[in-house]
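What follows is a short report on a single structure.
Where a number appears in this text, it was derived from the coordinates with a stated rule and is not lab data. Note that the structure is predicted; figures quoted are calculated from it, not measured. All Cβ positions, even for glycine, are placed from backbone atoms using ideal geometry, and neighbour counts span all protein chains on display.
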Amino acid sequence: MKADKNPVGSYAPDFELPGIDRQVYHLGRYRENFQAIGVVFIGNNCSYVNGYIDRLKQIQAEFACCSFTLVGINSNDTDSTLEETFEAMNSFAEQNQLNFPYLRDPTQDVAKSFGARVIPEVFLLDSDAVIRYAGRIDDSLESADEVQISYLRNSIAALLAEKEIDPSYTEPVGSPIQWRKNNN
């Protein structure tokens with residue numbers, strides 16, 4: 001998938017990534033166990049991500065009983081900053097009491113394959129790994145109190161109800177993923 005292309009309708013790339021709990025996570029296993037999987041690219045030191053963490057945890061809690069899971073992936077370069085290391089991810093998860101797996105994309109291949117560009121950026125997959133929604137979490141970067149449209153929440157509800165997702169794509173807004181200098 002190209003970064004400048006709407007990925008909705010495409011198959012998500014399979015992945016096998018380490019989590020902060022030292023387990024290895026496979027997209028294929030999620031597909032066997034969940035009707036809907038939200039893959040969200042996040043980082044430890046991003047004001048946009050920090051503003052969305054509680055909203056992401058609420059979405060996970062709301063839909064966990066309904067064959068949905070959220071998966072956080074950190075693809076930021078660790079060579080240029082210590083704030084994105086595996087240890088920093090663990091601290092971030094503990095401080096924020098994440099209720100979803102937090103995985104490391106050490107090669108940045110998963111982010112590139114999804115076409116992710118910014119953090120936070122979300123891709124909602126069905127059990128066949130087809131991307132059904134991509135883009136923003138909601139329409140308010142600044143405050144949960146100012147949310148008018150919860151794109152991800154609405155898309156999850158529609159997918160689980162086997163209804164059309166509209167809109168299926170929104171332009172993601174956030175901080176650019178920190179790419180390795182030799183990995184563009």
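State whether the residues of region 8-26 include one that is touching a residue at least 12 places away in the same chain (Cβ under 8 Å), surrounded by 15 or more Cβ atoms within 10 Å (Cβ to Cβ), at negative phi and more than 16 Å from the chain's Cα centre (by Cα).
yes
Residue pairs, Cβ under 6 Å, 6 or more apart or interchain, first in region 65-88 and farther than 17 Å from Pro18 by Cβ, second assigned to a helix (DSSP H, G or I). List them.
Cys66/Leu160; Phe68/Ile156; Leu70/Gln60
Looking at Ile119, Ile131, which is the one that is closer than 17 Å to Asn76 by Cα, touching a strand residue (DSSP E or B) at 6+ places or on another chain (Cβ under 7 Å), touching a residue at least 40 places away in the same chain (Cβ under 8 Å) and of a type in the set (Val, Ile, Thr)?
Numbers: Ile131 fails: closer than 17 Å to Asn76 by Cα.
Sole residue among the options that is closer than 17 Å to Asn76 by Cα, touching a strand residue (DSSP E or B) at 6+ places or on another chain (Cβ under 7 Å), touching a residue at least 40 places away in the same chain (Cβ under 8 Å) and of a type in the set (Val, Ile, Thr): Ile119.
Answer with yes or no whether Asp145 is part of a loop (DSSP other than H, G, I, E, B), charged (D, E, K, R) and either out of contact with any strand residue (DSSP E or B) (no Cβ under 7 Å at 6 or more places or on another chain) or exposed (fewer than 13 other Cβ atoms within 10 Å of the Cβ) (or both). Write out each step before concluding.
Numbers: part of a loop (DSSP other than H, G, I, E, B): no; charged (D, E, K, R): yes; either out of contact with any strand residue (DSSP E or B) (no Cβ under 7 Å at 6 or more places or on another chain) or exposed (fewer than 13 other Cβ atoms within 10 Å of the Cβ) (or both): yes.
Against the criterion (part of a loop (DSSP other than H, G, I, E, B), charged (D, E, K, R) and either out of contact with any strand residue (DSSP E or B) (no Cβ under 7 Å at 6 or more places or on another chain) or exposed (fewer than 13 other Cβ atoms within 10 Å of the Cβ) (or both)), Asp145 does not qualify.
Given (1) farther than 24 Å from Ala88 by Cβ; (2) over 15 Å from the mean Cα position of the chain (by Cα), where does Ser47 come up short, assuming only one miss?
(1)
Please enumerate the residues belonging to region 149-184 that are under 16 Å from Ile37 (Cα atoms), within 14 Å of the chain's Cα centre (by Cα) and among the hydrophobic types (A, V, I, L, M, F, W, C).
Selection gives Leu152, Ile156.
Restricting the search to region 150-184, which residues are surrounded by fewer than 19 Cβ atoms within 10 Å (Cβ to Cβ), aliphatic (A, V, I, L, M) and out of contact with any Lys or Arg (no Cβ under 9 Å at 6 or more places or on another chain)?
Leu160, Ala161
Any idea which residue in region 99-135 is surrounded by the fewest Cβ atoms within 10 Å (Cβ to Cβ), counting only those that are part of a loop (DSSP other than H, G, I, E, B) and hydroxyl-bearing (Ser, Thr, Tyr)?
So in region 99-135, the residues part of a loop (DSSP other than H, G, I, E, B) come out as 99-101, 105-108, 115-117, 120, 127-129.
Now narrow it down to the ones that are hydroxyl-bearing (Ser, Thr, Tyr): 107, 127.
Working: Thr107: 12, Ser127: 15.
Looking at residues that are part of a loop (DSSP other than H, G, I, E, B) and hydroxyl-bearing (Ser, Thr, Tyr), I get Thr107.
Can we say Ala144 is in contact (Cβ under 8 Å) with a residue 12 or more places away in the chain and either farther than 24 Å from Tyr25 by Cα or of a type in the set (Ser, Thr, Tyr) (or both)? First the steps, then the outcome.
On the way: in contact (Cβ under 8 Å) with a residue 12 or more places away in the chain: yes; either farther than 24 Å from Tyr25 by Cα or of a type in the set (Ser, Thr, Tyr) (or both): yes.
It is true that Ala144 is in contact (Cβ under 8 Å) with a residue 12 or more places away in the chain and either farther than 24 Å from Tyr25 by Cα or of a type in the set (Ser, Thr, Tyr) (or both).
When region 166-180 is examined, which residues are found to be touching a residue at least 60 places away in the same chain (Cβ under 8 Å) and assigned to a loop (DSSP other than H, G, I, E, B)? Break it down into steps so the answer makes sense when it comes.
Residues of region 166-180 that are touching a residue at least 60 places away in the same chain (Cβ under 8 Å), as a first pass: 168-169, 173-175, 177-180.
Residues satisfying the conditions are Ser168, Val173, Gly174, Ile177, Gln178, Trp179, Arg180.
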